[in-house]
Amino acid sequence: MPRVSFEHIVKKFGEVMVLNSLNLAVDDGDFLVLLGPSGCGKTTLLNLLAGLSDVTSGRIMIGNRDVTELDPKDRRLAMVFQSYALYPTKTVRGNLRFGLSASKLPQEEIEKRIAWAADMLQIGPLMDRRPAQLSGGQRQRVAIGRALVKHADVLLFDEPLSNLDAKLRTEMRMEIKKLHEELNPTVVYVTHDQIEAMTMATRIAIMNGGKIEQFGTPDDVYERPANLFVAGFIGSPSMNLLPATVEPGGQARLADGSPLDMSAYAFGAVPPPGTALMAGLRPEHFALAGPAEAACRFTLKVRHIERTGSDVMLALAFGEATLTVRAAPADAGHLRTGDPVSVQFPKDRLNLFDAGSGRRI
Amino acid sequence: MTETSSPPAGTVMFPRPKKRIRGRSIAILVFLTMAALFFCIPLYVLVTTSFKTMDQIREGAIFSLPEVWTFEAWRYAWDEACSGITCEGLKRGFVNSLEILFPSLIASIAISAVTGYALALWSVRWAGGFLFLLFLCAFVPFQIIMYPLIVITVNMGIYGSIWAVAFIHTVLAMPVLTLIFRNYYKDIPPDIIKAAVMDNGSFWRIFIEIILPMSGNILIVVLIMQITSIWNDYLIGVTFGGLGAQPMTVNLANMVTVTTGTVSYNVNMAAALQTAIPPLVIYFVLGKFFVEGIAAGAVKG
């Protein structure tokens, strides 16, 4: 039985439809990440689950309880906010204690849980400080502690790491992941950061314009994006999308006339010749000199080079468009703007989409 | 410049031009001095006269210091001076003013803080319209609704008592205070209230445990505002107080204006000072907390 399920959720703000008949179910112990660009409805969906706003229609289930009409405090959820939302006049201990204030637990149990959370998150020495006396990372720990002490059925995170600096963000990411592995709670986590999503999630729901574009494991959404939106959204730098036309014999022709070998592609249904395609080529799958089993090969001029230290990003002139290729510094270190370079793309890494519907074929 | 003040070798110096007194700053100083004198001279006369004997006052030198410092006028004003037909001094009015102050202070601040909290942080139906109404009410002059208010208090059976005065103070302060609290609470980060709603969910518990401790600054501001305006009020006191429940200001006015025989300037001035001192004390005591409250930045999340 799923732990959390959204059934035919509709949410309107006035006349504006934000979520239209959305369905989603998460299993017990899953780490679900709601990922999408700003305004895609992911935070709205989280707020609906938390009970901070009401659904226009539809049903939300947690376990076998229908929580749609319940007050937030009765839903047995705990939430970590982007701004931490610690109570500024309470000490760390007071913050954790207030999290349990509605639960009517015996004093002894409350103390035990606070000590447990403090130990788990290593905030013991901070217990008598106020939020203003804590650093950003410490505040975030306290916020997580306040959620953990409740032993809630589901933990909600609303972009919890976006206020931290890059190094701290990586540390906290690992720590949240570790907590999830140790305690194995069901988590619903909202973010617009795909690295966070890919590293922490066991399931990702990619949202756009109030719809779920794809729901699957991180590997699924990366290896087999369901449509053009997911293909373009996941991966950094994003996937090269080149128009092509299907030809007989498992071949296709790209816009510049070069052939595309589709013989190794696992088609759902083989498209008839003449169908307009979009071929998705990830920059990191290109090779400068590599196997002969190539789906396509180009010799193109370098338009622009970006060195990040560990990689070199080549922007190649593909007609008017730009083809982005990631290469190792050893192979591409000598290249300058304007140099011609040969690249090839392996057959088995191809992604193909119907140009009309945008769906994977 | 570098030639005249040759610095030791190896150090780089950027000498700053000396600040000079300009014509503009002189003008400002003169203006400020005059403004200060404007307030200080009457105050000086008030204080010195209240310590003089009537014999010295009759000589007419109003700027001279008292020849004999005497508290007689202060004692007389407090204990014996007549206002109207009663001759009990100001102490009666002082007690009345305190009895009016405390209930109206507690009621007006408590009710408007809770209303402001509800309007700012909970989704209240028609909140926008209600706020606009409050805004309008804040600008209705008291004189316009005075007569209906008298009828209301008469019907409530409290007209002419302390409670009528306190009730009217409470009611009249409510619109402005509610707007002040609402605007203050509106700036509390919404995530804090969301977290509190998920953690506890009780309207009163959140108010008392989370919101009230964050309201230190605004409470001090409102407290100073209310104490001063309630203590200094004359019109409400004279209209609703009747004979037995007149606040100190009404008492003072009667004492100063309705006097038969010679005018006792020293008693009048002592009485005026006695009436003015309580709000001053509040300024000094609470003003300190006010500044501390701002410095502590209590609301920073």
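The values are calculated or read from the model by the stated rules, or taken from the named source; none is laboratory data. Nothing here was measured: the structure is a model prediction, and the numbers come from that model. Cβ placement follows ideal geometry from the backbone for every residue including glycine, while neighbour counts extend to all protein chains displayed. With ligands, DNA and RNA removed, areas are computed over all heavy atoms of the protein, side chains included. Shrake-Rupley method; radii C 1.70, N 1.55, O 1.52, S 1.80 Å.
Scanning region A:254-277 for residues that are under 15 Å from residue A:355 (Cα atoms), open to solvent by 50 Å² or more (accessible area, probe 1.4 Å) and among the hydroxyl-bearing types (Ser, Thr, Tyr) gives no hits.
Looking at this structure, is residue B:94 in contact (Cβ under 8 Å) with a residue 40 or more places away in the chain and either among the acidic types (Asp, Glu) or within 24 Å of residue B:254 (Cα to Cα) (or both)?
Working: in contact (Cβ under 8 Å) with a residue 40 or more places away in the chain: yes; either among the acidic types (Asp, Glu) or within 24 Å of residue B:254 (Cα to Cα) (or both): yes.
So residue B:94 passes the test.
For region A:137-148, the count of residues that are open to solvent by 10 Å² or more (accessible area, probe 1.4 Å) and at positive phi is zero. Taking the conditions (1) more than 8 Å from chain B (Cβ to nearest Cβ); (2) touching a Leu at 6+ places or on another chain (Cβ under 8 Å); (3) not charged (D, E, K, R) in turn, residue A:77 satisfies each one other than (1). Screening region A:202-302 for strands (runs of 3 or more DSSP E) wholly inside it with 3 or more residues that are touching a residue at least 40 places away in the same chain (Cβ under 8 Å) and farther than 27 Å from residue A:342 by Cα returns the ranges A:203-208, A:211-216. What about residue B:298, is it part of a loop (DSSP other than H, G, I, E, B), at pLDDT below 80 and either touching a Phe, Trp or Tyr at 6+ places or on another chain (Cβ under 9 Å) or within 14 Å of chain A (Cβ to nearest Cβ) (or both)? So residue B:298 fits the description; yes. A single entry from B:213, B:175 fulfils the requirement of being more than 14 Å from chain A (Cβ to nearest Cβ) and either closer than 21 Å to residue A:90 by Cβ or at pLDDT 90 or above (or both): B:175. With respect to the conditions (1) within 25 Å of residue A:28 (Cβ to Cβ); (2) at the interface with chain B (Cβ under 9 Å from one of its Cβ atoms); (3) surrounded by 21 or more Cβ atoms within 10 Å (Cβ to Cβ); (4) in contact with a helix residue (DSSP H, G or I) (Cβ under 8 Å, 6 or more places away or on another chain), residue A:100 lacks only one, and its number is (3).
Residues checked against (1) more than 14 Å from chain A (Cβ to nearest Cβ); (2) outside any helix (DSSP H, G or I); (3) at pLDDT 85 or above; (4) open to solvent by 20 Å² or more (accessible area, probe 1.4 Å):
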{"residue": "B:242", "(1), (2), (3), (4)": "yes, yes, no, yes"}
{"residue": "B:253", "(1), (2), (3), (4)": "yes, no, yes, yes"}
{"residue": "B:269", "(1), (2), (3), (4)": "yes, no, yes, yes"}
{"residue": "B:290", "(1), (2), (3), (4)": "yes, no, no, yes"}
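Residues A:132, A:152, A:143: which one is more than 19 Å from residue A:31 (Cα to Cα), touching a Pro at 6+ places or on another chain (Cβ under 8 Å), within 13 Å of chain B (Cβ to nearest Cβ) and in contact (Cβ under 8 Å) with a residue 12 or more places away in the chain? It would help to see each step written out before you state the result.
Numbers: A:152 fails: more than 19 Å from residue A:31 (Cα to Cα); A:143 fails: more than 19 Å from residue A:31 (Cα to Cα).
It is A:132.
Evaluated against (1) within 26 Å of the chain's Cα centre (by Cα); (2) loosely packed, with under 14 Cβ neighbours inside 10 Å, residue A:319 falls short on exactly one condition, (1). Here residue A:68 clears all of (1) more than 14 Å from chain B (Cβ to nearest Cβ); (2) in contact with a Phe, Trp or Tyr (Cβ under 6 Å, 6 or more places away or on another chain); (3) β-branched (Val, Ile, Thr) except the condition numbered (2). Checking B:33, B:48 one by one, the residue that is without any contact (Cβ under 8 Å) to a residue 40 or more places away in the chain, in a helix (DSSP H, G or I) and surrounded by 12 or more Cβ atoms within 10 Å (Cβ to Cβ) is B:48 and no other.
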